[in-house]
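The values are calculated or read from the model by the stated rules, or taken from the named source; none is laboratory data. None of the values given here were measured: they were computed from a predicted structure. Glycine also receives a Cβ, built like all others from the backbone with ideal geometry; neighbour counts cover every protein chain displayed.
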Amino acid sequence: MEGCSVPIRKTRVYTDHLRENLRTIVIFTRPGQVATSASCSFLRGRPPLASRVSPVASRQSPLAAAPLGFSATDMDAALMGSSSVAMGDIPTTGEHRMGTTIVGVCYDGGVVLAADSRTSTGMYVANRASDKITQLTDNVYVCRSGSAADTQVISDYVRYFLHQHTIQLAQPATVKVTANLIRLLAYQNKNMLQAGMIVGGWDKYEGGQIFSVPLGGTILRQPFAIGGSGSSYLYGLLDHEWKEGMSQEEAEKFVVKVVSLAIARDGASGGVVRTVTINADGVSRKFYPGDKLPLWHEEIEPQNSLLDILAAGNPEPMVQ
Amino acid sequence: MAWQQPMDGSHASGSKVAAADGPGTQRTQYPYVTGTSVIALKYKDGVIMACDTGASYGSTLRYKSVERIKAVGKHSLIGASGEFSDFQEILRYLDELTLSDHMWDDGNSLGPKEVHSYLTRVMYNRRNKFDPLWNSLVLGGVKKGPKGEEKYLGMVNMIGTHFEENHIATGFGNHLAIPILRAEWCEDMTFEEAVKLVEKCLLVLLYRDRSSINKFQIAKITTEGATIYPPYSLKTHWGFAAFENPSKGAVGSW
């Protein structure tokens, strides 16, 4: 559409195809997985796939419509990475996933965690403003990617353990202990979980620290970490532009740039950029709405309407 | 690394989700973050072990500063390829083992043979439960035995296969490094000769193994203890006429 002056919304193009699906969504949306009392099921072993098709509301989706004509194989197809559209299936199947971009960087004095805000079920964006940076203690937060339910439940368990640990220790938990609790759950349940997490925080012993806990339950301390599907687009960028010892302002600007570049190319990432800065003085959350993010290649200034452009008298409309 | 599909029929083909627990189902795993080859050989003063410092995530070279060789107790080195989280867990088991060994306070300490035997039991028993630790481990060390200082080098892999040898390699190293080691290893090499031989193997692996990176760690274990040298990179050679002009004299560009 080179040279066309029709305004295109900044982050994605809506087509009729999608609008059709929106109609379908109301009838067929499957709520995501359990995040309440049955959450302990993953520690004891999840029930076999077939019995998970039950209309229980998850934290992310308020809809509780019972699925019609679902079979276990549809869900498997969705779990495999939502090729369901190609297979002619309804593109709203599957558990809530956070195809995501998550980033954590250390700077001189603390850490900055950043994430996009898109949660999808298949091809449908179930939540366009989710908060993927979750508090575990006063001084340690975790960025979540992978299955929404799995990471929520892991966060809940770790928050619960850390609460008791903090009481017993009579001082704030360290980032290392927090990261290792995440690792414990991720490793011991590796067959059943799909959770990639970045733990970041500040404690008085080691200052700002970032720990990466990818699939499988490896734990690695790093000066910066990236994760989620959008991170594929960031390896080169960070190899090129990462530097040690940035200031807080530099680091915050940097992560916003990095996440917004990933959003530009990764279909599974989008929405707003949220950042959480943790240092000796405490925690501060920032919010960068999608329409305030910088524009990248082939993206153009958003407009209210074509009519405004025409009223401004320029440019000429395309004529045969 | 195509492992057999779980048999409970709950997965479409090609699914990456491992089986859930339950009656009649198998448990297996898929490796996510993996290290590539480890090579080791016996030399005059003890055992030398080397690997690169990379951990891959599928085909992405995701982590580039990972230590895959660690000291165990006073007498051994362990190197691992395969799933990195399982290696971290094995290190925890070994910590427990060496701690209780130390707490006996009887003047004895676990030597490489004992550690290797322990690891073999762990790996084989996990394999029997269809829940393997997805690693190939290399265990090397020196300890005083009945015949004086005895060097030991062995390996054990995820299915419990284990053996002792004068030179060991895991992963791609089996195919690329072992032939070199078989041709050029000899008894009582000096440290310099051993390092040169190891570097020759590491370079070949760098050229020919897709998951290797140019950042290596060499470690040695002698009667004085374990030394793990800081990471370093090797120079690579591309200045061959045939490389610069591969289609010289050929029709088409191949």
- line: Screening A:Y205, A:Y141 for residues that are surrounded by fewer than 24 Cβ atoms within 10 Å (Cβ to Cβ) and modelled with pLDDT of 95 or more leaves only A:Y205
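Go over the candidates A:R285, A:R265 one by one and state the one that is more than 24 Å from A:W202 (Cα to Cα) and not hydroxyl-bearing (S, T, Y). Before the answer, list the steps.
Numbers: A:R285 fails: more than 24 Å from A:W202 (Cα to Cα).
Selected residue: A:R265, the only one of A:R285, A:R265 that is more than 24 Å from A:W202 (Cα to Cα) and not hydroxyl-bearing (S, T, Y).
With respect to B:A80, determine if the residue is farther than 30 Å from A:Y233 by Cβ, within 14 Å of chain A (Cβ to nearest Cβ) and assigned to a strand (DSSP E or B).
Details: farther than 30 Å from A:Y233 by Cβ: yes; within 14 Å of chain A (Cβ to nearest Cβ): yes; assigned to a strand (DSSP E or B): yes.
So B:A80 fits the description; yes.
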- request: Report the residue count in segment A:181-236 for those that are β-branched (V, I, T), touching a Phe, Trp or Tyr at 6+ places or on another chain (Cβ under 6 Å) and more than 12 Å from every other protein chain (Cβ to nearest Cβ).
  value: 1
- prompt: B:G145 versus (1) more than 23 Å from B:S109 (Cα to Cα); (2) more than 16 Å from the chain's Cα centre (by Cα): which is the lone unmet condition?
  reply: (1)
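One line per residue, one yes/no per condition, for (1) charged (D, E, K, R); (2) free of Cβ contacts under 8 Å to residues at least 40 places away in the same chain; (3) assigned by TED's automatic domain parsing to the domain that holds A:S247:
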site: A:A115; (1), (2), (3): no, no, yes
site: A:Y124; (1), (2), (3): no, no, yes
site: A:I133; (1), (2), (3): no, no, yes
site: A:D150; (1), (2), (3): yes, no, yes
site: A:I154; (1), (2), (3): no, no, yes
site: A:T166; (1), (2), (3): no, yes, yes
site: A:P172; (1), (2), (3): no, yes, yes
site: A:V175; (1), (2), (3): no, yes, yes
site: A:A179; (1), (2), (3): no, no, yes
- prompt: Looking at segment B:147-203, which of its residues are assigned to a strand (DSSP E or B) and surrounded by 18 or more Cβ atoms within 10 Å (Cβ to Cβ)?
  reply: B:K151, B:Y152, B:L153, B:G154, B:M155, B:V156, B:N157, B:H162, B:H167, B:I168, B:A169
- line: In segment B:45-71, residues that are farther than 15 Å from B:G171 by Cα, of a type outside the set (F, W, Y) and within 9 Å of another protein chain (Cβ to nearest Cβ) total 5
